[in-house]
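Asks: What follows is a single structure, and I will ask about it in a moment.
Since every read-out is calculated from the coordinates, none of them should be taken as a lab result. Note that the structure is predicted; figures quoted are calculated from it, not measured. Cβ coordinates were reconstructed from backbone atoms using ideal geometry, including for glycine residues, and neighbour counts include every protein chain displayed.
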Amino acid sequence: MTQTSTRQFHWPEYLMEAAELALFMISAAAFGTLLEYPGSPVRQMIHDPFIRRGLMGIAMGATAIGIIYSRLGKQSGGHFNPAVTLTFLSLGKVKRLDAAMYIAAQFVGGVGGILVSSFFLKQMLESPTVRYVATVPGNLGIGVAFVSEFAISFILMSIILIVSGREKIARYTGVVAGVFVASYILLEAPLSGMSMNPARTFGSALPAGIWDALWIYFTAPPLAMLFAGFLHKTLASKNPIACAKLHHDNEYRCIHCGKGM
């Protein structure tokens, strides 16, 4: 199969990746507004920021799980993150052209999700307490933000590779990822905003014009996940990576390993 035909044949998966991050961003904008906009009844009722972060974590963790186990995630692989796609590319589990198209689609989806949210939420999403749910460094500075983003990205990718590579528990990879997302939002968000995803950060930054330390979110997550992939390939020879899909136990075709094609 030529590269041209591959692009034509796999366009549904590219659109799915865009839709997945768009849905994630819409969910983030909706729950971020509900929990942080001063005029929101939920914000007025819950004054403790720790509790609000916990609720945000549950919402976004559940969103991630729902996307991964949806028809979209089951067919495309449920990456919706350039750092994840690059890691599977480095492991030889994604074709170069597919990886390039996935990443482009993820960036388009991230921006598109915030633009759709802005259309409906308008000034509420622009509020200083919501700020387009942008991910920016916390009060401890950019150094702590970088280290934090690197650490959480490395841990998440390591866990994904370990769980997805074990046949008996591989089907729970999406659940594990969602639990880590929820935990990170609760515990790590004050340090870096909890991104782990360059396209997610760019999706908020472009419409909002918020470019605070953007380089952190474009470097720390990819470097960390690539390092996790390198270590896994080097040290975990008995636990091979089966495929680039986070949820592979389904009836949908797989453009990565050829299942169902």
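Asks: Per the Kirkwood formula on distinct C-alpha pairs, the Rh of the range 3-235 is how many angstrom?
Replies: For the range 3-235, the Kirkwood estimate is 17.7 Å.
Asks: Among the lysines, which have Cα under 16 Å from the Cα of residue 259 when same-chain residues fewer than 8 positions away are ignored?
Replies: Straight-line reach from residue 259, under 16 Å: 74, 93, 95, 245.
Asks: Using only the alpha carbons, work out the radius of gyration and Dmax of the range 128-255 in angstrom.
Replies: 16.0, 50
Asks: How large is log10 of I(q)/I(0) for the range 93-172 at q = 0.15 Å⁻¹ when the intensity is taken from the Debye formula with one equal scatterer per alpha-carbon?
Replies: At q = 0.15 Å⁻¹ the computed log10 ratios are -0.93.
Asks: With helices defined as uninterrupted DSSP H runs, which ones in the chain have an alpha carbon span along their own long axis of at least 24 Å and mean Kyte-Doolittle hydropathy of at least 1.6?
Replies: Once both thresholds are applied, what remains is 142-164.
Asks: Could you please state, rounded to a whole Å, how far the C-alpha centre of the range 89-167 is from the C-alpha centre of the range 27-78?
Replies: Using only Cα atoms to place each centre, the spacing works out to 14 Å.
Asks: Can you give the helix-only mean residue ellipticity at 222 nm for the chain, where every DSSP H stretch with n ≥ 4 adds -39500 (n - 2.57) and the sum goes over all residues, rounded to the nearest 500 deg cm²/dmol?
Replies: Rounded to the nearest 500, it is -22000 deg cm²/dmol.
Asks: Now for a separate question. When ranked by the protection proxy of mean other Cβ atoms within 10 Å per residue, highest first, what sequence do the peptides 138-148, 89-99 form?
Replies: On the way: 138-148: 15.5, 89-99: 17.5.
The densest-packed peptide leads the list: 89-99, 138-148.
Asks: Quick one: Debye curve from the C-alpha atoms of the range 7-50, no solvent, what's log10 I(q)/I(0) at q = 0.24, 0.26, 0.30 Å⁻¹?
Replies: For the range 7-50 at q = 0.24, 0.26, 0.30 Å⁻¹, log10 I(q)/I(0) is -0.79, -0.85, -0.95.
Asks: Could you give the dipole magnitude of the chain about its Cα centre, charging the beta-carbon of Lys and Arg +1 and that of Asp and Glu -1, in debye to the nearest 20?
Replies: 640 debye
Asks: Could I ask something else about it? What is the distance, in nm, between label points placed 7 Å from the Cα along the Cα-to-Cβ direction at residue 172 and at residue 129?
Replies: My value for the distance between the label points is 3.8 nm.
Asks: Please tell me the relative contact order of the range 64-110 in percent, rounded to the nearest whole number, where contacts are Cα pairs under 8 Å and at least six residues apart. Before the final figure, lay out each step's value.
Replies: Working: 26 pairs, mean separation 13.1, N = 47.
Once normalised by length, the contact order is 28 percent.
Asks: What number, in percent, do you get for the relative contact order of the range 3-235 if the mean sequence gap of Cα pairs under 8 Å and at least 6 apart is divided by its residue count?
Replies: Worked out over the range 3-235, it gives 30 percent.
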